Amino acid sequence: MTTASRFVEGEKVLCFHGPLLYEARCHKVDTEGEVDLYLIHYNGWNNKWDEWIPETRILKFNDINLKKQQELIRHHKKSQSRGKGKKVSV
């Protein structure tokens with residue numbers, strides 16, 4: 001682990017998994033070349049979903065990012081509801 005790692009082991013974070021942000025915990029930090037990778041466990045998910053990810057998919061757990069999480073959920077729900085009932089032509 002480099003001393004410049006943005007996140008630390010045990011830190012509560014928000015992580016992108018697909019288009020949404022999920023609460024998670026950083027379990028380990030490792031450096032691959034010049035890139036820090038973080039072993040993430042998503043809260044409430046089975047350990048089989050734990051994964052090593054770059055910091056580009058991680059946000060600090062704070063009020064601003066929690067609001068961003070809620071905005072993404074609202075936007076995702078709207079886009080999902082717009083697609084219901086539409087037939088797709090092949």
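The values are calculated or read from the model by the stated rules, or taken from the named source; none is laboratory data. Remember, predicted model here, so these are calculated numbers, not experimental data. No Cβ is skipped: glycine too gets one built from the backbone with ideal geometry, and neighbour counts run over all protein chains shown.
Any idea which residue in the range 8-39 is modelled with the lowest pLDDT, counting only those that are within 16 Å of TRP52 (Cβ to Cβ) and among the aliphatic types (A, V, I, L, M)?
Looking at residues that are within 16 Å of TRP52 (Cβ to Cβ) and among the aliphatic types (A, V, I, L, M), I get VAL35.
Is it true that HIS75 is of a type outside the set (Lys, Arg) and in contact with a helix residue (DSSP H, G or I) (Cβ under 9 Å, 6 or more places away or on another chain)?
no
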